Structures are given as C-alpha cells and as structure tokens.
Amino acid sequence: MDMNRILLGDAAQVLANLPKNTIDLIMTDSPYLVNYKDRSGRKLRNDDNPDGVLPVFVPIARAMRRDSYAVCFAGWSALPQFSAAWQSAGLRIVGQFVWAKPYASRDGFAQCRHKTAYLLAKGRPAMPLKPLPSVMRWTYSGNRNHPTEKAMQVLTPLIRCFSQQGDLVCDPFNGSGSTSVAAVLSGHRH
C-alpha cells in the first residue's frame, strides 16, 4: 500500500478498498452534522447530511488494526447519531477531550467556547504511557480559508499519544490536510 499519499474520493469507498486491519490511528474531523455556517455564510459539505458522514465509520473500523484508537472531533448536538454509528461499527468511546477556547465561535443558548473530540477504541488497545489531560487550551490555526481547520498544536499531541512513530495515521475527512502534515512532522506515515 502506498504511504504518505492523500487519496481523493468518497471516504467510504476509498476505505473499503484499503486492506483490512491496516491503519494504526484514525484522526478525523468529520462534518459535525450541525448545518454549520460561519460568519460570512460559508457552509461545510455534508454538514447537514448524516448519510454522507455516519456510514463512513463502518469502513473506518474495518481498516483499523485490532486494538487501535480513533480520535474523532464531533459536536455535542449530534452526539447521539455519532455514538450510534460508532457503536454499530464496533467502536466504543473510551475518553473525551475538551479544548477551552478564549473566544466564542458561536452564540446561542450559551457562548460556544470549546471544541470536543472523542477517543474511540477498536478492541482493547494499550493505555498510553503518558495520558493527555482531558481539558486543554485551544490553539486557533489562523487559516481563514478553512473555517474549521485544526492547528498542529492540537493534533500533534493526540497523534503522539495514541500511536507510535512510523505508524500509519489516516484522516478520512482530510479537509485542509492538517492531520497529514501533523502525522508526517511527528514521524508517522499517512
């Protein structure tokens, strides 16, 4: 299998064509299913389409190695849908990370000043030697062209904690490619 490549296509189809039990770590920031719109009116593809997002977790789990992790950024309002999709794919939630943001990304019933990711397990992966704190400080990527890009300072500790150097890291919803860059800079394959 080719390494350090970005494969363009429908994530479910691309993953279905990968060999089983290949990926050491899934790190993904899929659409949150919240019908996102930024302050300038931009939307994210499939953010209002559960059928374009949730079925991808079955081929994700198929491609993951036994006893491995997935880190999935997701919003709280669609957590029941994500949780059901993860469970039916054979993935279970084993942790949650919250990043405190110094600014509100949205105002509603409350000011949204955090980002959330869920740590999922396939099988029984070994616990990390140095677990990350469940609450961390958010770093904005500064990319105004991609409204939800994750900064290297957010992704890199996750990659280093839940995989080993040389492991294969995959982001099925690769967006601007920040996960791929963080993986390569951490000595991983993507």
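Here, each number is a calculation from the coordinates, and none is a lab measurement. Fair warning: this is a prediction, and the values are worked out from it, not measured in the lab. Methodologically, a virtual Cβ is constructed for each residue, glycine included, from the backbone with ideal geometry; neighbour enumeration extends over all protein chains shown.
General observations
- Farthest positive-ward along the chain dipole, Cα basis, beta-carbon charges - from V56, T156, F73: T156
- Entries in K37/K115; K43/K101; K130/K150 that, when Cα-Cα distance is taken, lie over 18 Å: K43/K101; K130/K150
- Distance between the modelled labels on A84 and V184, one decimal in nanometres: 3.9 nm (7 Å Cα→Cβ projection).
- Beta bridge orientation in the stretch 11-185: antiparallel %, DSSP, nearest 5: 65 percent
- Candidates per trypsin sites (Lys or Arg not before Pro) in the stretch 89-190, loop by DSSP, up to 16 other Cβ within 10 Å: R113, R144
- Each eigenvalue of the Cα gyration tensor of the chain, multiplied by 5 and square-rooted, gives one semi-axis; in descending order these are 24, 19, 17 Å.
- The stretch between V135 and C161, if pulled fully straight at 0.36 nm per residue, gains 7.9 nm over its current Cα-Cα span.
- The label point for C112 and the one for N49, both projected 7 Å from the Cα toward the Cβ, are 2.0 nm apart.
- Once the Cα-Cα distance is subtracted from the 0.36 nm per residue extended length, the R92 to S40 segment shows a gain of 15.1 nm.
- Computed over the chain: relative contact order in percent, which uses C-alpha pairs under 8 Å that are six or more apart: 25 percent
- Diffusion of the stretch 16-66 by Stokes-Einstein, at 20 °C in a medium of 1.002 mPa s and with Rh set to the Kirkwood radius over alpha-carbon pairs, works out to 172 µm²/s.
- Cα centroid separation - the stretch 147-183 against the stretch 1-32, whole Å: 13 Å
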